[in-house]
Amino acid sequence: MTTAFGIDIGGSGIKGALVDLDKGVFIGERLRIPTPQPSTPDAVATVCAQIAQEFEIGEDIPIGIDFPAPLPDGKVPWMANLDQSWVGKNLADVMEQKIGRRVHVLNDADAAGLAEMRYGVGKNYSGVVVVTTLGTGIGSALFVDGTLVPNTEFGHIEVGGKDAEKRAAASVRKKKNLSWEEWASRLERYYGTLEKMLWPSAIIVGGGVSRKHDKFLPLISISTPLVPAQLRNTAGIVGAAAYAFEREH
Ligand code: BGC
């Protein structure tokens, strides 16, 4: 069995699990620790080290860590939803200092997208495919024939003069108490804009809310197939693990 370890850093929880990469599923339990507040580099890395220690991961098992910001050259250029002191930090350096071994890092939506393309519904599509994650923010991952184009930030395109995730993220639906119809109409405008920029063969919709896809996806009418993600809340960890393995082999 091919295995790797994945850690998913989110705004509310940091989660880790060992992954069976032949099937794209967890081996055993997932461990979740609430994200420390403030979510500074030192505090977050300490939690990741704690998770890695708990699982006693062998040196031969690659570790992948995903993070809710773009990471060009491994550095955080700006931070939407974690502590601002991350800006300018090299994520792998911060993690390796605490964990004491090599790790591989990538954006959280890129990780979720990778998992969806390798093990989920993404397997059915070729050409240009966009994966979006609807959560606290909107994350995006772009694939061309299964190859990731990293660090896209389509959650921050301007729609109607506003940052898209501030109007259409799943957290906004809750905070503003929007009905499914109201939210779907915001999403239609968002996905319609993405469609006109990229003309993908499919847009895959992930994030926790995707398990309720029947409540909002049928209300959105655009030309591109809008498909619910299959992996749901395992996607980040599975994708981070798959990425780490691919980097080492
Ligand atoms: C960040 C992205 C991230 C997404 C989902 C956005 O605010 O800019 O990098 O992928 O949230 O966490």
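The figures follow:
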read-out	value
Restricting segment 183-221 to residues that are out of contact with any helix residue (DSSP H, G or I) (no Cβ under 8 Å at 6 or more places or on another chain) and among the acidic types (Asp, Glu), the residue that is farthest from Glu153 (Cα to Cα)	Asp214
Members of segment 70-110 found to be among the polar types (S, T, N, Q) and open to solvent by less than 10 Å² (accessible area, probe 1.4 Å), listed by number	Asn107
Matching residues, segment 226-248, being closer than 20 Å to Ile203 by Cβ and without any contact (Cβ under 8 Å) to a residue 60 or more places away in the chain	Leu226, Arg232, Asn233
Unmet criterion (only one of (1) without any contact (Cβ under 8 Å) to a residue 24 or more places away in the chain; (2) within 13 Å of the ligand (Cβ to nearest atom); (3) open to solvent by 60 Å² or more (accessible area, probe 1.4 Å)) for Glu56	(2)
Some residue of segment 8-16 being away from the ligand (no atom under 16 Å from the Cβ) and more than 19 Å from Asn151 (Cβ to Cβ)	yes
Residues (buried (at least 22 other Cβ atoms within 10 Å of the Cβ) and in contact with a His (Cβ under 8 Å, 6 or more places away or on another chain)) located in segment 199-239	Val205
Hits in segment 145-170 - residues which are crowded, with 19+ Cβ neighbours inside 10 Å and polar (S, T, N, Q)	Thr152
Residue under evaluation Phe154, criteria (1) touching a strand residue (DSSP E or B) at 6+ places or on another chain (Cβ under 9 Å); (2) closer than 25 Å to Phe5 by Cα; (3) within 14 Å of the ligand (Cβ to nearest atom), criterion not met	(2)
Condition met for Asn177 (more than 12 Å from the ligand (Cβ to nearest atom) and either open to solvent by 30 Å² or more (accessible area, probe 1.4 Å) or polar (S, T, N, Q) (or both))	yes
All positions within segment 59-69 that are open to solvent by 60 Å² or more (accessible area, probe 1.4 Å) and without any contact (Cβ under 8 Å) to a residue 40 or more places away in the chain	Asp60
Qualifying residues in segment 6-31 (those that are over 16 Å from the mean Cα position of the chain (by Cα) and basic (Lys, Arg)) - the one surrounded by the most Cβ atoms within 10 Å (Cβ to Cβ)	Arg30
Which listed residue, of Asp83, Asp73, Asp108, is charged (D, E, K, R), in contact with a strand residue (DSSP E or B) (Cβ under 6 Å, 6 or more places away or on another chain) and within 16 Å of the ligand (Cβ to nearest atom)	Asp108
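The values are calculated or read from the model by the stated rules, or taken from the named source; none is laboratory data. As the structure is a computational prediction, the values presented were derived from the model and not from experiment. Note: ideal-geometry Cβ built from the backbone for every residue, glycine included; neighbour counts use all protein chains shown. Accessible surface is based on the protein model in full, side chains and every heavy atom, while ligands, DNA and RNA are left aside. Shrake-Rupley method; radii C 1.70, N 1.55, O 1.52, S 1.80 Å.
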